[in-house]
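**Q** A single structure is presented below for examination.
The values are calculated or read from the model by the stated rules, or taken from the named source; none is laboratory data. All of these numbers come straight from a predicted model, not from anything done at the bench. No Cβ is skipped: glycine too gets one built from the backbone with ideal geometry, and neighbour counts run over all protein chains shown. With ligands, DNA and RNA removed, areas are computed over all heavy atoms of the protein, side chains included. Shrake-Rupley method; radii C 1.70, N 1.55, O 1.52, S 1.80 Å.
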Amino acid sequence: MPHPQTLGVLLAGGLARRMGGGDKPLKTIGGTTLLDRAVKRLTPQCDGLIVNANGDPARFAALGLPVVADTVPGFAGPLAGVVAALEWLERERPDIAWLVSIPTDSPFLPADLVGRLHQAREAAGTPLATARSGDQTHPVVGLWPVALLADLRRALVEEDLRKIDRWTARHGVAEAIWPTEPFDPFFNANSPEDLAEAEAVLALHPAA
């Protein structure tokens with residue numbers, strides 16, 4: 001479905017404690033890294049992609065995508081990645097007014113994610129949109145306007161606000177809702193056990 005130009009950011013800056021450390025996005029299911037799956041799913045939906053990650057950017061060089069580190073210090077969570085991506089977007093692609101963020105540990109993202117987030121936002125008349133599956137919201141899977149960058153950065157830096165939904169509630173956030181059957185499209189692979197479960201889903205649903 002047609003929608004405004006949108007840049008995608010792959011949030012890969014987490015510490016992956018439950019996965020035993022290291023780069024969680026580089027773990028594999030079905031012989032493909034979680035990061036490569038995210039890139040493949042999001043590329044047709046966006047007008048460019050960037051990766052938000054801290055540390056040596058060379059470990060993601062094979063993707064050929066810009067790697068943007070947090071600009072707010074102290075591993076301030078996903079909102080810091082969104083801020084860094086919005087700053088990059090404002091500076092490098094001023095022709096694009098929208099950012100969509102996804103976690104790189106969700107291997108089954110919908111092929112209509114960006115279009116449906118925009119549709120939900122427009123229908124509700126809100127500046128923000130997030131994904132929901134069943135009764136669970138997924139604040140990290142969201143649509144963000146560059147116009148709210150200054151307010152978001154202020155909330156993160158001056159108020160030390162870390163919970164995404166506390167900030168989005170201030171401005172109004174729409175929900176785009178997906179079913180959880182036959183599998184949850186926003187399933188998170190946070191542990192080795194989750195990776196095994198994802199492999200099982202992929203065996204049953206090869207197009208997932």
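**Q** What pairs come up if the first residue lies in the range 132-150 and is over 10 Å from V82 (Cα atoms), the second is open to solvent by 60 Å² or more (accessible area, probe 1.4 Å) and in a strand (DSSP E or B), and their beta carbons are under 7 Å apart, counting only those six or more places apart or on different chains?
**A** Note: pairs meeting the criteria are R132/E175; R132/I177; T137/E175; H138/R132.
**Q** What is the number of the single condition among (1) open to solvent by 30 Å² or more (accessible area, probe 1.4 Å); (2) within 18 Å of Q45 (Cβ to Cβ); (3) within 18 Å of the chain's Cα centre (by Cα) that A176 does not meet?
**A** Failing condition for A176: (1).
**Q** Still on this model: Select, from P25, P44, P73, P4, the only residue that is free of Cβ contacts under 8 Å to residues at least 60 places away in the same chain, of a type outside the set (V, I, T) and farther than 21 Å from T137 by Cα. Reasoning before the result, please.
**A** Details: P25 fails: free of Cβ contacts under 8 Å to residues at least 60 places away in the same chain; P44 fails: free of Cβ contacts under 8 Å to residues at least 60 places away in the same chain; P4 fails: free of Cβ contacts under 8 Å to residues at least 60 places away in the same chain.
When all the criteria are applied, what remains is P73.
**Q** Now a separate question. What do you reckon, is I102 of a type in the set (V, I, T) and either over 26 Å from A207 (Cα atoms) or without any contact (Cβ under 8 Å) to a residue 12 or more places away in the chain (or both)? Before the answer, list the steps.
**A** Working: of a type in the set (V, I, T): yes; either over 26 Å from A207 (Cα atoms) or without any contact (Cβ under 8 Å) to a residue 12 or more places away in the chain (or both): no.
No, not satisfied.
**Q** Can you pull out every residue in the range 74-120 that is surrounded by fewer than 18 Cβ atoms within 10 Å (Cβ to Cβ) and under 13 Å from R153 (Cβ atoms)?
**A** Quick first cut of the range 74-120, residues surrounded by fewer than 18 Cβ atoms within 10 Å (Cβ to Cβ) only: 74-75, 87, 90-97, 111-112, 115, 119.
The answer is E87, E90.
**Q** Hey, can you tell me all the residues within the range 171-194 that are touching a helix residue (DSSP H, G or I) at 6+ places or on another chain (Cβ under 8 Å) and part of a helix (DSSP H, G or I)?
**A** Listed by number, the residues that qualify are H171, P192.
**Q** OK, next. In the range 149-170, is there at least one residue being touching a Pro at 6+ places or on another chain (Cβ under 7 Å), assigned to a strand (DSSP E or B) and open to solvent by less than 20 Å² (accessible area, probe 1.4 Å)?
**A** The answer is no, given that none of the residues of the range 149-170 is touching a Pro at 6+ places or on another chain (Cβ under 7 Å), assigned to a strand (DSSP E or B) and open to solvent by less than 20 Å² (accessible area, probe 1.4 Å).
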